[in-house]
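Working notes, structure below.
The values are calculated or read from the model by the stated rules, or taken from the named source; none is laboratory data. Please read all numbers here as calculations on a predicted model, not as lab measurements. Reconstructed Cβ throughout: ideal geometry from the backbone, glycine too, with neighbour counts over all protein chains shown.
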Amino acid sequence: MTKNIAVIRGDGIGPEIIEQAIKVLQKIGSIYGHTFIFTDVDMGGCAIDKWGDPLPDFMLEKCIQSDSVLLGAVGGNKWNDVPGYMRPEKGLLRLRSGMGVYSNNRPARIWPQLADNSPLRKSIVDKGIDFIIVRELIGGIYFGDHRTEDIDGIATATDVLMYNEEEIRRIGRIGFETARKRNKRLCSVEKSNVLDSSRLWKKVMHELASEYPDVELSDMLVDNCAMQIVKNPAQFDVIVTENMFGDILSDEASMITGSIGMIPSSSLGAGTLGLYEPIHGSAPDIAGLDIANPIGTILSAAMMLRFSFDMDKEADAIEKAVSNFLDKGYRTADIMSQGMVEVGCSAAGKLISEELK
Ligand code: NAD
């Protein structure tokens, strides 16, 4: 199979971590007989410097025309004082809306080798943490009307939380499809005891369930879900939820796994075109030192293979290679512990590629 991948190296540690993911993808290509064609796209601070724009239209077009997009990270102190509309992060927002990605998928997975990094008790971690939060990305209260006004001399602010059934249905389908590729359990999270938008959410999820008889659907109130994520995270396979609930729960979920450098993410829309990136930023404090952890980016590349290219066994192989790397005691500085072997970013990419056989 031949796939065109738009590659956004970005700023800070972006170029270093992307290079490692490319190493891994090239090795996968050679083992499984795929050709990955990488096209560089400028976005973020480097694009401001080169083109005077954090994401020029012709760069966005390269992403839209690709089979999928792999992103390192953007931003840094150098561009802190540029006007708001020119900030590196504006490129990211324009990229997401230009690609029409309305679903953000973030796995929360604890690697047994790194269990001590979790802030949770060992007895909870030992049961395993391995779930995905599917979050609606471009609707809900963040995108409703916002206003602050004076009513009878009292400052009053309003933010509107609105969803229509179509918006719920399309994210619901991503939830069901994701569960279908995993352990076939989907938990729909809402606040239907209080909110009309949540009651509609729950109704649509149950209508969809009849199209996915192989997936077991359950419902959970968001406040209970926040508790269950720390009390018994092993119960979850896939969580699907609206924008603001997902924003909060996905940060909670990433914390319990222990290290920001290990976590990948994907954003998807109606088709298979996706945006894949680690959850961390450009880490300017360690840029250029060859000490960044590239695993979040490498695992983002694995998600790309699984969710955009339908290459499950290739994705499994990458995850296994990361696991072998950790089993052998290799650690980057951020996850280093006593008795382990510290390696740099580039060496980590090389060692993980070598685990692919
Ligand atoms: P950050 O995630 O870049 O860094 C937070 C801390 O985690 C730092 O100490 C950093 O060294 C460490 N860290 C992050 N990734 C790591 C890795 N792979 N390996 C080892 N250590 C790692 O967050 P920040 O410092 O708040 O933001 C820095 C810049 O990144 C800002 O300009 C911000 O706007 C931008 N940012 C970009 C994205 C994105 O591109 N999607 C996301 C978040 C922040």
### Pair list, Cβ < 9 Å and 6+ apart or interchain, from the stretch 325-349 residues that are closer than 17 Å to Trp111 by Cα and acidic (Asp, Glu) to residues that are surrounded by 14 or more Cβ atoms within 10 Å (Cβ to Cβ) and at pLDDT below 95
Asp327/Gln113; Asp334/Ser259; Asp334/Ile260; Asp334/Gly261; Asp334/Met262
### Query
Quick check, is Phe143 aromatic (Phe, Trp, Tyr), under 27 Å from Asp310 (Cα atoms) and touching a residue at least 60 places away in the same chain (Cβ under 8 Å)?
no
### Query
Quick one: what pairs do we get from the stretch 254-281, first residue touching a residue at least 60 places away in the same chain (Cβ under 8 Å) and farther than 19 Å from Ala73 by Cβ, second part of a strand (DSSP E or B) and within 15 Å of the ligand (Cβ to nearest atom), C-beta under 6 Å, 6+ apart or different chains?
Leu268/Gly274
### Ile171 being within 20 Å of the chain's Cα centre (by Cα) and within 30 Å of Ala333 (Cα to Cα)
no
### Message
Consider the stretch 231-272. How many of its residues are in contact with a strand residue (DSSP E or B) (Cβ under 6 Å, 6 or more places away or on another chain), away from the ligand (no atom under 12 Å from the Cβ) and closer than 20 Å to Arg180 by Cβ?
### Response
9
#### Entry: One residue from Ile31, Ile64 being under 30 Å from Val343 (Cβ atoms) and hydrophobic (A, V, I, L, M, F, W, C)
Ile31
### Query
Can you name the residue in the stretch 282-301 that is touching a strand residue (DSSP E or B) at 6+ places or on another chain (Cβ under 6 Å) and within 7 Å of the ligand (Cβ to nearest atom) and, of all such residues, is farthest from Ile5 (Cα to Cα)?
Ser282
